[in-house]
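I have placed the structure first, in the form of C-alpha cells, so that the comments after it can refer back to it.
The values are calculated or read from the model by the stated rules, or taken from the named source; none is laboratory data. These numbers were taken from a predicted model, which means no experiment stands behind them. Neighbour counts are summed over all protein chains in view; Cβ atoms, including those assigned to glycine, are modelled from backbone coordinates with ideal geometry. Remember, those area values only see protein heavy atoms, side chains included, never the ligands or the DNA or RNA. Shrake-Rupley method; radii C 1.70, N 1.55, O 1.52, S 1.80 Å.
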Amino acid sequence: MTPEAPLAVLLSPRPAVVAAARRVGARSLVLAPDLSVPGIREAARAADGAMTVDWSDHPRLMMAIGHLAHLPARAAVFGFAEQSALIAARANEALRFPGNPHAAVAYLTDKATLRGKVNQLTGAPVRFEHCDRAAHLVAVAERVGFPCVAKPRTGSGGQDVHLLRSAADAALLAAELPYEPALIVEEFLDGPEYSVEAHSRAGTHTVLAVTRKYTTGTPGWPATGYDLPADLDPGTVAGIHDLVLATLSAAGQRFGPSQTEVILTPAGPRLIESHAHPGADHISDLLLMATGTDIAALTIATVLDLAVPAPPVEQGVRYAGIRFLRMPPGLLESVDGIAEARALPGVTGLEIDVPIGSHVPETTSRVAGHGFVTAVADGPQELEVVLRKAQDTLRPAVVPVPAREEEHTAV
C-alpha cells in the first residue's frame, strides 16, 4: 500500500476494524493507551502503524497526531464505541478532517435533549423530565407517572438504569444518589425491544437492519441475545424506520454508523436512545453474517471517499442470531458438549468466557453472559431451533461456593 493511500486513525479498534480499513484501500494507525491489551495487541500488529496514546486526553491526542493535518493524503480519526466516537469527532474537527460533526455525536449522548427534540418532530412523544437534584426525584417521578425509568442523561449500555414503580422506590433511589445526579426520568415503555443499525452519508440515512433484542428484564435489562433481522411485518418495519430517520436528522448526524434503540409499544414504536456508533460488537458480527455488510469498512470508505465495498452476491435473506450463555454463580469445574455444539449445522461460533477453575460472576448489564453462541439460518424459526439446541448441548458443571468463601474470594 502506498504512502499516498488515505489514512484511518483508529482509536482502540478491534482487529476486524483494521482488516476493514485495509480491505477498502486505507492505511491504518492504531492509537490506544495500552497496546499490550489482548485484542488491541492483535489490531496493532495488523495495522500499518501503532502508537501508545491516551486518546481520551484531547491535548495529548492532538500532540500525537496533529502533524497528520499536513500530510498530502486524506486522513480521518475513527471511533466505533461510545467514548471513542465522541473523541474522534472532536479530533476531526480540530484537524479539519472529514467525519461526523462533534455536535451531532454529543447531541446523541444527551438523552434529555434528544428526547425533547424527537418529541417535537414525531407523532411518538414520550413523557419525561430532567432531574438535577436528588431531593427532587420523588416529585419528578410523580409528575412523569409510575411506572417510570430514571437513568443518567449521558449514560450508555444500560448502566444505572432504575425502574421506579412507586414513590417509595423513588425515595430509596434518591437516598443513594449524589446531590446533583443529572438524570432523565421518563415513562416506562412496555413492549419488545429492537436495535436499529443505520449508516449515514452526507446527512442521508440508510437503515441496514432492525435487530430483535432479548433481555432478562429488570434490573438493568441485560441482553440475553439478538436476532437479525427481526421477524416483523412490513408496516411495523416502516414505522420503526421513520422514527429512526427522524431521530438521526434531529441530532444532525452526517456520516457513519448509528445504533438506535426502540421499544415497540401497543401505540407504535417509541425511542429509547440513539448512539453515533455501531451496536455492540456482536451486532456488527451478525450484520456481516446475515447481510454481508461490514459496517466498519462502509464507514471508513465513506468518510475517506474510497470505493464502498461491493454488496455480497444475492443469496436470499439470511438470519443470524446470538444467545449469551448464562451459568449459576459458583466455581466452574468443566463444560462438556462444546465440540458437539460447535459442530451443529448453522452454528458459526461458540465461546466460554469463564476459565475452567474460576468463579462464575453474576450477570449484569456489563456482563451480559458467560459466553455466547452464534448461528445462521434461512428463517427465524430455524434460527431459534439451532441456537436452542446449541445451548442445550452444553453441560457446565458449576459447584456452589459457600457465602464466606465467596466473600473471601471477592476480597
> Using Cα pairs under 8 angstrom and six or more residues apart, how large is the relative contact order of region 78-174, in percent?
Replying inline: 19 percent
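Work through the residues other than residue 199 whose Cβ is under 12 Å from its Cβ and net out their charges, Lys, Arg +1 and Asp, Glu -1. Please list the in-between numbers first.
On the way: positive: 201, 254; negative: 197, 294.
Combined, the nearby Lys, Arg, Asp and Glu give 0.
With helices defined as uninterrupted DSSP H runs, which ones in the chain have an alpha carbon span along their own long axis of at least 24 Å and mean Kyte-Doolittle hydropathy of at least 0.5?
Values: long enough: 234-251 (26 Å, 1.12).
Within the chain the helices that satisfy the rule are 234-251.
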>> Cβ neighbours within 10 Å, averaged per peptide: list 124-134, 343-353 in order, most packed at the top.
In response: 124-134, 343-353
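Tell me the net charge near residue 385. Cut-off is 14 Å between Cβ atoms, residue 385 excluded, with +1 for each Lys or Arg and -1 for each Asp or Glu.
Values: positive: 323, 388, 389; negative: 227, 231, 378, 382, 384, 392.
That works out to -3.
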> Taking residue 111 as the anchor, which lysines have their alpha carbon closer than 16 Å to its alpha carbon, excluding any fewer than eight residues away along the same chain?
Replying inline: 151
> Which value in nm describes the separation of the simple spin-label points at residue 83 and residue 42, placed 7 Å from the Cα toward the beta carbon?
Replying inline: 2.2 nm
> For the pair residue 381 and residue 182, how long in nm is the line joining their label points, each one 7 Å along Cα→Cβ?
Replying inline: 5.0 nm
> Along region 265-271, what does the Karplus equation 6.51 cos²θ - 1.76 cosθ + 1.60 (θ = phi - 60°) give for ³J(HN,Hα), rounded to whole Hz, x for Gly and Pro?
Replying inline: 8, x, 8, x, x, 9, 6
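Could you calculate the FRET efficiency of residue 167 with residue 308 from 1/(1 + (r/R0)^6), where r is the beta carbon distance between them and R0 is 60 Å, rounded to 0.05?
Working: r = 53 Å, r/R0 = 0.89.
My answer for the efficiency is 0.65.
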>> Could you report the chain's accessible area per residue, 1.4 Å probe, as an integer in Å²?
In response: 46 Å²
>> Quick check on packing: order 163-169, 328-334, 10-16 by the mean number of other C-beta atoms within 10 Å, highest mean leading.
In response: 10-16, 163-169, 328-334
> Hey, any idea what % of the chain's accessible area is carbon plus sulfur with a 1.4 Å probe?
Replying inline: 55 percent
> Given springs between every Cα pair under 10 Å in a Gaussian network model of the chain, which of 56, 358, 28 has the largest fluctuation?
Replying inline: 358
>> Under the rule of at least 5 residues apart or a separate chain, name every residue whose amide H is placed under 5 Å from the amide H of residue 224.
In response: 214, 215, 216
> What FRET efficiency would be calculated for the residue pair residue 135, residue 231, taking the C-beta separation as r and a Förster radius of 41 Å, to the nearest 0.05?
Replying inline: 0.35
> residue 117: which aspartates and glutamates have alpha carbons under 17 Å from its alpha carbon, excluding same-chain residues fewer than 8 sequence positions away?
Replying inline: 129, 186, 187, 242, 261, 273
>> What FRET efficiency comes out for residue 142 versus residue 238 if R0 is 30 angstrom and r is the Cβ-Cβ distance? Round to the nearest 0.05.
In response: 0.25
